[in-house]
1. Could you check, for region 44-59, whether at least one of its residues is farther than 30 Å from Gly240 by Cβ, of a type in the set (Ser, Thr, Tyr) and crowded, with 17+ Cβ neighbours inside 10 Å?
2. Taking Gly168 as meeting all but one of (1) assigned to a helix (DSSP H, G or I); (2) out of contact with any Gly (no Cβ under 6 Å at 6 or more places or on another chain), write down the number of the exception.
3. Based on what the data block shows, is Gly55 under 18 Å from Ser210 (Cβ atoms), outside the structural domain of Ile282 (by TED's automatic domain parsing) and of a type in the set (Gly, Ala, Ser)?
4. Keeping to region 95-136, report how many residues are farther than 26 Å from Ala174 by Cα and modelled with pLDDT of 90 or more.
5. Give the residues of region 273-289 that are free of Cβ contacts under 8 Å to residues at least 24 places away in the same chain and either in a helix (DSSP H, G or I) or among the β-branched types (Val, Ile, Thr) (or both), sorted by residue number.
6. Would you mind stating whether Phe194 is within 23 Å of Ile62 (Cβ to Cβ) and either at pLDDT 95 or above or among the β-branched types (Val, Ile, Thr) (or both)?
7. Going by what's in this entry, would Thr212 be described as among the hydroxyl-bearing types (Ser, Thr, Tyr), out of contact with any helix residue (DSSP H, G or I) (no Cβ under 8 Å at 6 or more places or on another chain) and not assigned by TED's automatic domain parsing to the domain that holds Val366?
8. At least 2 residues that are at positive phi, surrounded by fewer than 20 Cβ atoms within 10 Å (Cβ to Cβ) and modelled with pLDDT under 95 in each: list the strands (runs of 3 or more DSSP E) lying fully within region 299-405 that qualify.
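The values are calculated or read from the model by the stated rules, or taken from the named source; none is laboratory data. Everything numeric here is computed off the predicted structure, so don't read it as measured data. Cβ atoms come from the backbone with ideal geometry, glycine included; neighbour counts cover every protein chain shown.
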Amino acid sequence: MAAALVISGIGVVSPLGATREQFRDGLLDGHSGIAPIRAFDVSACRSQLGASVTGFEAAQWIPPMKLRRMDDTARYAVVVTRQAFDDARYPVSEHGDDGAGVVLGTFTAGGQATSDYLAALHKGGPTGAPALLFNSTVGNAPASLAGLELKLRGPNVTVSQKESSGLGAIVTAADTLRFGRASALAAGGVDAIFEIFYRVHDRFDVMARSATPAGPFDRRRGGFVLGEGGFALLIETREGWARREAPCYGEVLGVHAGSAAVGINQWPDHPAPLVRTMRAAIDAAGIAPADVDVVYAAANASPALDRVEAAALATLFDARRPVVTSVKGALGECGASGAAACAAALLCGAAGYVPPIAGLSDPDPVASSLDLAREKRRAPGPIVLVNSVGSGGSLFAVVLRVNRQ
């Protein structure tokens, strides 16, 4: 990349809590946000677990009249965007900001509202369809509402690449800033578990069935657990950041987007596309694979994905092995997972640690060449590679330099 980009703020709404500290401490302590689904009946499903948001009170951030017009993804988006700007001490004027914007990734935005709206429409006709829901039936509503709430008149972009959407948004934001099309962007992902979305995944039989599911890279793994939440990074140019007394969690050094030619809903079946994507992000950062200290893997306990990513990491890091972790044993899998991994890398790295892989007790031989984080580890250095893979073949990689606090 032409110049490093500064990360000056972080917003978090997660299954481990709705503050940065709860999120960081939960990950480092090896806690998991996975629990039985309570929001709707899953008694007839093969899977009955999810990683649902906890400790989140939207009314602390959003007035009640506005809350009525927002679904969960919009609430997460508005709150984590505001958290990120507030954390960065970025002065958003009441008259608006032409250089600041929002880039959010999502898999589920619009789905719950569309489901509820169509159900009401079919049951009661046009007069029975709740008008308040209509605005939330489009996938770009959360990012748009976040921009409107903070009067951000810069780019407002929604990225939808299934499970890789959140990291895809961060890659998109980095490129937008690098080309001078904005001065600051809240970038990340938002997703919410809702009934039809959950039941479709259960029908596909891709989620873990066990009441105590194994984590990524574990020999016993049998699929992912669906998660939700919101995660945003305030990314800005170094020039803009230098004009303020603001924190600096780290820098975005390099990014890359790629793809694998696979079938619909399939994970990549060969390591080469993953190796190519990771190597391109590392090259863009101006470093070598041997310089990477920690990898936040895309692994989510799906046997095929974990296997191919393990092979890709073993190929790329042939000589010096970085510590490898994954947040999905604690947070589940969703379109915000890649953004969650970046937030984890920055917050845990600031404390000097790498979080353990929740649910990993018996590593699979396919990952035998990897240095897996089975307990909280001292961070060996500041350079972090974050991977994200979408079922269907979308691939993203981001290289960060993490600042120790």
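1. Yes - at least one qualifying residue is present in region 44-59.
2. So Gly168 meets the others, but not (2).
3. no
4. So the count comes out to 1.
5. Arg276
6. So Phe194 passes the test.
7. Yes, satisfied.
8. Once the strands (runs of 3 or more DSSP E) in region 299-405 are filtered for at least 2 residues that are at positive phi, surrounded by fewer than 20 Cβ atoms within 10 Å (Cβ to Cβ) and modelled with pLDDT under 95, nothing remains.
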